[in-house]
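Contents: one structure, followed by commentary.
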Amino acid sequence: MAQLVVKERKRISSHIGQYGTLLAILGLIAVFTVTNDQFLTYANFSDIIKSVSIVSLLALGVTFSLIVGGFDLSVGSTASLATIGAASSLVLHRQELLVALLIPLALGILVGLLNALVTIKFRLPDLLATLAIMYVINGIQLTYTKGFSIYDNMPIEGGTAPGRFIPSFLFIGQGTIGPIPFVALLMLVFFIGAHLFLTYTRTGREFYYVGSNAEAARRSGIAVNRIKLYAYVLSGLFAAIGGIILASRIGTGQVSAGAPLLMDAVAAAYIGYAVFGTGRPNVIGTLIGAILIGILLNGLTMWDVPYYAQDIVKGTILIGALGLSYIQKKQRT
């Protein structure tokens, strides 16, 4: 009898571990719907999707670095740099859509290459190396902008800025296709592509081999350093895409706009460990984690919880996510 009780408890615990995040999302939706009649509306859910799309892409970058056993803390700063790059192209240099997209993407790839350089060639710990890169990026964007945001008709030496945020760029973060926000479709495309890449391609599977045991992967013929390089470049690239969406959503290039998103992105990636009991970083789990955080922060805002108090909630979520990932790892070993 006692053994049956123990088995039943383990079974329940396993189900909670696998589906707890989904239950938490449904629970939050129920609570916020009951307490605020504006929560379950198209306009509000559209806002949630738009905010989730930015956080989820940064979290996707973090996920790629976690899969190979690394950790990219520079994604928030990379998003800020991409935001400034896009805004500068449009407003200060009067460029069209293609240039406004290519420049921030190139900046994101450059940051990824820099992270790979210091972690692979110089063999610095990923956490410390990407933290240092984060400060370097912040310094670069502050130096370039002199601490000012970039916006339409902003005053510059000799008059006002010659360019503006063009409609085609603003459509990325603000447009809709039918009733669906364009960024939602964009987010799904990237996540489906990342999932297919990691699940069904040889290179994608090698990401997990490297993260599980780099030395064993090296002995089996996998180019470990090359895989880590790919991971950091993808991390920088997705952070830059998140920065582009952020700039197009708010219509300005705000200095350090992506910095507050770092904690959300990291928490979403670690929540992904527990989703469906995988016990490892994964794309689907990261997306669900980002949705959980987006719904929670939106509901707290509707409850008029001050933004500084929301950081307490974010920190608590991150502690819980880290604890869950540790438990999942321990159960797998």
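The set of residues from the stretch 114-130 being under 18 Å from the mean Cα position of the chain (by Cα) and open to solvent by 30 Å² or more (accessible area, probe 1.4 Å) comprises Asp126, Leu127.
Taking the criterion of being among the polar types (S, T, N, Q) and surrounded by fewer than 19 Cβ atoms within 10 Å (Cβ to Cβ), the residues of the stretch 204-241 that qualify are Ser212, Asn213, Ser220, Asn225. The condition (being closer than 30 Å to Ser168 by Cα and either of a type in the set (Gly, Ala, Ser) or crowded, with 21+ Cβ neighbours inside 10 Å (or both)) is satisfied by just one residue among Ile137, Ile133: Ile137.
For the stretch 20-73, residues that are among the charged types (D, E, K, R) and either in contact with a Phe, Trp or Tyr (Cβ under 9 Å, 6 or more places away or on another chain) or without any contact (Cβ under 8 Å) to a residue 60 or more places away in the chain (or both) total 2. Residue check: is Val266 over 25 Å from Leu186 (Cα atoms), open to solvent by less than 50 Å² (accessible area, probe 1.4 Å) and touching a residue at least 12 places away in the same chain (Cβ under 8 Å)? So Val266 does not fit the description; no.
The values are calculated or read from the model by the stated rules, or taken from the named source; none is laboratory data. No experiment lies behind these values; they were computed from the predicted model shown. Here Cβ is always computed from backbone atoms with ideal geometry, including for glycine, and neighbour counts include all displayed protein chains. Surface accessibility is based on the protein's heavy atoms, side chains included, excluding ligands, DNA and RNA. Shrake-Rupley method; radii C 1.70, N 1.55, O 1.52, S 1.80 Å.
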